[in-house]
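Some notes on the structure that comes next.
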Amino acid sequence: MKPDLFEAPDYYNLDELLTEEHKLVRNAARDWVKREVSPIIEDFAQRAEFPKQIINGLADIGAFGPYIPMEYGGAGLDQISYGLIMQEIERGDSGVRSTASVQSSLVMYPIWKYGNEAQRQKYLPKLASGEWMGCFGLTEPDHGSNPGDMVTNFKDKGDHYLLNGAKMWISNAPFAQVAVVWAKNEEGRIHGLIVERGMQGFSTPETHNKWSLRASATGELIFDNVKVPKENLLPNKSGLGAPLGCLDSARYGIAWGAIGAAMDCYDIALRYSKERMQFGKPIGQFQLQQKKLAEMITEITKAQLLAWRLGVMRENGTATSAQISMAKRNNVDMAINIAREARQILGGMGITGEYSIMRHSMNLESVITYEGTHDIHLLITGLDITGLNAFK
Ligand SMILES: Cc1cc2nc3c(=O)[nH]c(=O)nc-3n(C[C@H](O)[C@H](O)[C@H](O)COP(=O)(O)OP(=O)(O)OC[C@H]3O[C@@H](n4cnc5c(N)ncnc54)[C@H](O)[C@@H]3O)c2cc1C
């Protein structure tokens with residue numbers, strides 16, 4: 001892979017909206033990605049392997065629980081800092097960002113928000129340091145966009161719960177020590193349970209043959225009469241709103257992360273367009289290539305503004321789930337389109353692993369599907385503005 005020469009575009013001087021702390025956090029993540037992720041990521045993606053050696057570095061830059069209070073090992077940062085960290089990691093690779101998102105928003109967040117003090121003390125410091133990795137089991141083989149119909153269930157057996165069912169498409173599953181699993185009790189109410197590797201009847205087979213998020217490990221969670229201790233139930237929230245609350249946090253991070261992937265594609269294409277000569281001129285001098293580049297920077301700038309404003313609203317507690325849906329949907333779509341256009345600017349070189357564009361492009365196919373598909377987020381906006389429910 002070519003050396004990482006990334007220079008972040010900031011066409012509207014958005015840095016002026018950031019505090020000194022935001023810039024410090026962002027720059028630390030940016031430097032770390034250049035140093036530790038860019039040199040190895042293409043190789044790991046080609047081999048379809050998660051680079052476990054970066055776990056400690058992810059913890060050091062605050063990527064595991066950026067906004068979780070420091071008393072639990074988190075970085076105690078605000079929502080904009082969380083977003084900026086996700087942006088920088090995804091600039092390196094969406095699969096690595098997925099690992100960090102899952103750990104922070106889908107594992108640490110529910111334990112922090114819905115768990116009791118003993119659960120917070122037991123799990124959060126180890127998850128923040130990366131000593132333990134976690135995964136989040138919501139999707140099932142027959143229930144993706146409609147998780148409310150899940151069939152994974154648990155029964156009260158007096159001194160423990162008995163868990164049965166299966167989850168599919170679970171990021172981090174093959175190596176996670178801890179799984180936050182959503183299952184129905186005997187009354188059909190959804191609860192979160194903390195399942196640990198080593199519990200009898202619990203297995204996590206890896207999902208192979210992915211052309212997307214190849215540097216992120218994906219697997220199934222299989223529960224065959226797993227005895228879960230009663231103290232592993234998350235006591236403070238139940239119902240579908242509990243997992244959806246986690247998804248709000250993760251989708252917000254994705255809205256920032258996608259900007260990172262788009263910035264990387266744009267930056268590479270811009271540099272290439274000034275160096276690559278055809279017909280005696282740099283290809284960046286042709287109007288057709290300028291149109292592509294000008295539209296890219298326009299879309300990136302709009303997405304940056306959307307994410308920043310959403311971050312302010314997240315921080316003051318006013319962002320709605322529908323507003324988060326809009327940003328996730330818009331920014332991922334923006335990134336996937338930019339990756340496609342950027343690849344064309346590089347001609348044949350665009351399909352090789354010499355540049356990160358093709359990898360971003362393939363990764364974004366998962367990002368546009370997980371955490372609510374492109375269509376589902378559109379319907380969430382539709383419901384919000386009309387008050388009419390297209391899901392029923
Ligand atoms: C790489 C990867 C990692 C993932 N990681 C996790 C994870 O860590 N944890 C987890 O729980 N899940 C995870 N997922 C699962 C992901 O969230 C689901 O794939 C996603 O929610 C879509 O579900 P599905 O694949 O079953 O598609 P389906 O729900 O079957 O949807 C198929 C198509 O139908 C459309 N559709 C569905 N319902 C409607 C409707 N009402 N109206 C119009 N169109 C509709 C969808 O938009 C989509 O285009 C991951 C997925 C991938 C690919």
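See the values below:
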{"quantity": "Candidate lysines - alpha carbon under 29 Å from Lys210, same-chain residues fewer than 8 apart omitted", "calculated": "Lys2, Lys34, Lys52, Lys167, Lys328"}
{"quantity": "Segments 206-212, 178-184, 68-74 sorted - mean Cβ within 10 Å per residue, highest first", "calculated": "178-184, 68-74, 206-212"}
{"quantity": "Euclidean distance between Cα centres, region 15-42 to region 295-321, Å", "calculated": "19"}
{"quantity": "Per-q log10 I(q)/I(0), region 55-174, q = 0.12, 0.14, 0.23, 0.24 Å⁻¹ (Debye; single scatterer per alpha-carbon; no solvent)", "calculated": "-0.50, -0.66, -1.27, -1.31"}
{"quantity": "Whole-Å semi-axes of the ellipsoid equivalent to region 254-391 (Cα gyration tensor, √5λ, descending)", "calculated": "33, 15, 13"}
{"quantity": "Overall Cα dimensions of the chain - principal axes, largest extent first, Å", "calculated": "79, 46, 41"}
{"quantity": "Cα gyration tensor category, rounded, prolate or oblate, for region 209-293 with a/c compared to 1.5", "calculated": "prolate"}
{"quantity": "Accessible surface of region 147-223 [probe 1.4 Å, protein heavy atoms]: carbon and sulfur percent", "calculated": "49"}
{"quantity": "Gln278/Glu7 FRET efficiency (R0 35 Å; Cβ-Cβ; nearest 0.05)", "calculated": "0.90"}
{"quantity": "Against the rule of thumb 2.2 N^0.38 Å, how large the Cα Rg of region 1-73 comes out", "calculated": "1.32"}
{"quantity": "Values of log10 I(q)/I(0), in the order q = 0.15 Å⁻¹, for region 145-247 under a Debye, Cα-only, solvent-free model", "calculated": "-0.61"}
{"quantity": "Size-normalised alpha-carbon gyration radius of region 40-107, reference 2.2 N^0.38 Å", "calculated": "1.11"}
{"quantity": "Relative packing of peptides 58-66, 307-315 - highest average C-beta neighbours within 10 Å first", "calculated": "58-66, 307-315"}
{"quantity": "Descending Cα extents along the principal axes, region 273-314, whole Å", "calculated": "50, 16, 7"}
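The values are calculated or read from the model by the stated rules, or taken from the named source; none is laboratory data. Values in this document were obtained by computation on a predicted structure and should not be read as measured data. Every residue, glycine among them, receives a Cβ derived from its backbone with ideal geometry; neighbour counts consider all protein chains shown. Surface areas here come from the heavy atoms of the whole protein model, side chains and all, with no ligands, DNA or RNA. Shrake-Rupley method; radii C 1.70, N 1.55, O 1.52, S 1.80 Å.
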